[in-house]
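One structure is given below, encoded as structure tokens.
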Amino acid sequence: MVHGTHNALPDQRNEHVLIYINGEFFPRNEAKISVFDSGYLIGDGIWEAVRLHNGVLVFLDKHLDRLFSAAATIGMKMNMTKQQLEHEIRKTLAMNHMHDGVHVRFMLTRGTKKTPSQDPRLTISGPNLVIIPEYKQADEVSRKKGITLFTATIRRGSPDYLDPRLNCHSKLHEVMALLQAIEAGADEALMLDIHGFVATCNATNFFIIKNNQVWTSTGQYCMNGITRGAVIEVCRQNNIPVFEKNFSLFDVYSADEAFVTGTFGGITPVVKIDGRTIGNGEYGTMTHSLHELYYELIDFEVKKISN
């Protein structure tokens, strides 16, 4: 059975969810996009995912900011404003009568190509927008049990050829890292930067706890995760020492606790890395406290927007 940070409880309601494609809605098994789509042909696209909690799209403004920054970075001309995109997302949720416990992924590719090619000048449509809402709750087994990591030989790239902060469709190097981890018997992959310091995981951001201090990477070689930023925020709000710094596997193996963060799973403890048990190999006290503080922040955001 697959075990990891993206394990979701089965929900039969998803069989009847309507998928948004360029302003139209399609049943899940009929939702299709052209084989000439830029994202399919060459991975030329960007995406975000947000959670719907009690009617509120949590941290949506931050996700939209990141998406539009990515669009500017890759030279994609957006055919809508942030407000218009938000309207389409909310329309999709309304069409599906969704209010809570929903994970929404929205993806933009450069558009449909005239012929298979890298050349953006051969794109014959505007950007293709797909919105996939799902009833999706994280399986608590992953949090209670914790996950294991394996340090892949695949490094996080340098910003001068593919900035790791770019949330793009080109995820092949993360997939290769994850495959190494799976073949080594771990759940997910830990990835180093080009200098050999710990950077991130294949799909989540990585933290360790040492002597009641919270450490994460500098952020130069990892996705600028929204949940990552929220954890740093709650640490600072609650006078918990938190550092964005370079550290190596030397520090990781001797850590008291470790955890990963992501929009879907929130905070998930890491109990073993490269076969070495981290701390006592259980869901640590500090990690548990941060989990509670993170959800308090979400509740605060929900109440602030709802009011």
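Observations
- Anisotropy class of the range 12-137 from Cα gyration tensor, a/c 1.5 cut: oblate
- Relative contact order (%) - criterion: Cα under 8 Å, at least six apart; region: the range 49-145: 29
- Computed magnitude of the charge dipole of the range 12-137 (debye, nearest 20; Cβ of K, R +1, Cβ of D, E -1): 160
- Only Lys, Arg (+1) and Asp, Glu (-1) charged, at Cβ; the range 247-307 dipole about Cα centre in debye: 140
- Computed over the alpha-carbon pairs of the range 141-303, the distance histogram in 10 Å steps reads 11, 43, 36, 10, 0 percent, short to long.
- For a straight C-alpha distance cut-off of 21 angstrom, the lysines reachable from residue 82 (same-chain residues fewer than eight places away being disregarded) are 62, 91, 304.
- Each stretch of four or more DSSP H residues adds -39500 (n - 2.57); spread over every residue of the chain, this sum gives -9000 deg cm²/dmol at 222 nm.
- Ranked by the mean number of other Cβ atoms within 10 Å of their residues, highest first, the peptides 105-115, 262-272, 19-29, 276-286 come out as 262-272, 105-115, 276-286, 19-29.
- Excluding same-chain neighbours fewer than eight residues apart, the lysines reachable from residue 77 by a Cα-Cα span under 16 Å are 113.
- Close Lys pairs in the range 141-303, defined as Cα atoms under 22 Å apart and 8 or more places apart or on different chains, number 7.
- Most to least packed among 200-213, 247-260 [average Cβ atoms within 10 Å]: 200-213, 247-260
- Net lengthening on full extension, residue 251/residue 218 (0.36 nm per residue, minus Cα-Cα): 10.4 nm
- Label reach from residue 73 (point 7 Å along Cα→C-beta): in the range 192-209, amide nitrogens under 20 Å belong to 192-207.
Throughout, read-outs are computed from the coordinates displayed, never taken from laboratory work. For clarity, every value in this text was computed on a predicted model and none was experimentally measured. For neighbour counting, all protein chains shown are included, and Cβ atoms are generated from backbone atoms with ideal geometry for every residue, glycine included.
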